[in-house]
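Accompanying notes for the structure given below.
The values are calculated or read from the model by the stated rules, or taken from the named source; none is laboratory data. Just so we're clear, the structure is a prediction, and the values are computed from it rather than from any experiment. Every residue, glycine as well, gets a Cβ built from its backbone with ideal geometry; the counts of neighbours run over all protein chains shown. Note: areas computed on protein heavy atoms with side chains; ligands, DNA, RNA excluded. Shrake-Rupley method; radii C 1.70, N 1.55, O 1.52, S 1.80 Å.
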Amino acid sequence: LERWLCMELDKGVDVTPVINSLLERTKSVAIIGVLINVGKYKPLLFANVLQPLLGAYELYLGDDSRVKNAEYSYDSWAWAREGEKIFEMAKEWIYAPFRKVTLRVLAVNLVNEQVKSASFISTASKKWEVPSDKKSALELRILKAELVPGTCKSIMDQKSGQLFLQCQYPDALQQEITKFQQENNPELQTITLPYQCEQILQSSKMLSDVDAETLSAALNIDPNEEDQDRNQTTKAAIASTLSVKAPTWLNERPDIE
């Protein structure tokens, strides 16, 4: 269905009636996932018929997860049984560049470019229920901040061709993010930070001073005797990333260097 809708768009067909019909008649949440990807193929749809999807907080979280785990969604063994031509067609579709863009990035672009979209998302986000969990509540505040015009901009990685967000959060929020990471996620950091550092090193961008400060804060992880190796790996990853991606910032902080 997703591919057919994109093919119709390539022909210049107005798919608005089909999308309205799907939104009105179907009760499967899977259809929302289909329509989000169609919107990624033609982002202007989010300024019109797909605009309501930008008002649901849960869809941003779900799409973040889907894009992050996209590499695991291609069942190569199953497609290989259909022959080489079908195998390559399926692979090309699954890994299409537009499917690697998150709904979050598209929404940031829209609020920066269109007053109408910014107004809609601002109104919708005021109704988002704040989770009781501290981590989830902070993530909600981060997303709200990103959807304020001017907070973030999308940057294309010249090496991978992917879009990522470069954000300047309000000072109070940035301090809260750093504090939370220091106090609440030392174990999670030792698991995920080496991977995140690898992604940063593979990109063409340099770290901002704020990002470098946040990353360096993780050097203060309290070592766990059972996880010495993992802690050392994490600290080595941070040190390598700061040395390569924030050399000027690091040179000005001899204690961290």
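Structural remarks
- The GluC sites (Glu not before Pro) found in segment 118-149 that occupy coil by DSSP, while having at most 12 further C-beta atoms within 10 Å, are GLU129.
- Gaussian network model of the chain, Cα within-10 Å springs - most flexible of GLU198, GLU24, GLU213: GLU24
- Three-way shape label, segment 100-148, alpha-carbon gyration tensor, a/c 1.5: oblate
- Across the chain, the mean sequence separation of Cα contacts (distance under 8 Å, 6 or more residues apart), normalised by length, yields a relative contact order of 12 percent.
- A convex hull fitted to the Cα coordinates of the chain yields 175 cubic angstrom per residue.
- Accessible area of the chain belonging to carbon and sulfur atoms, whole % at 1.4 Å probe: 53
- Highest GNM mean-square fluctuation among SER65, SER21, SER243, for the chain modelled with Cα contacts below 10 Å: SER21.
- Simple label model, 7 Å out from Cα along Cβ direction - LYS205 to GLU24, nm: 4.1
- Where labels lie 7 Å past Cα in the beta-carbon direction, separation of ILE86 and LYS135 in nm: 4.1
- The alpha carbon centroids of segment 10-64 and segment 83-130 are separated by 10 Å.
- Cysteines having no other Cys beta carbon under 4.7 Å from their own, within the chain: CYS6, CYS197
- Taking each residue as 0.36 nm, the span from VAL115 to LEU1 lengthens on full extension beyond its C-alpha to C-alpha distance by 37.9 nm.
- Loop-located trypsin sites (Lys or Arg not before Pro) in segment 101-130, at most 13 other Cβ atoms within 10 Å (DSSP): LYS126, LYS127
- Highest mobility in the GNM of the chain, judged by mean-square fluctuation with C-alpha springs under 10 Å and restricted to ASP229, ASP211, ASP63, is found for ASP229.
- Multiplying the residue separation of LYS68 and GLU257 by 0.36 nm and removing their Cα-Cα distance gives an extension gain of 64.9 nm.
- Solvent-accessible heavy-atom area per residue, rounded to whole Å², over segment 18-73 at 1.4 Å: 53
- Charge dipole (the chain, unit charges on Cβ, about Cα centre) - positive-most of ALA80, THR248, SER203: ALA80
- Label-point separation in nm, ASN220 to GLN175, each point 7 Å along Cα→Cβ: 1.4
- Degrees between helix 228-245 axis and first principal axis of the chain (Cα, 0 to 90, nearest 10): 80
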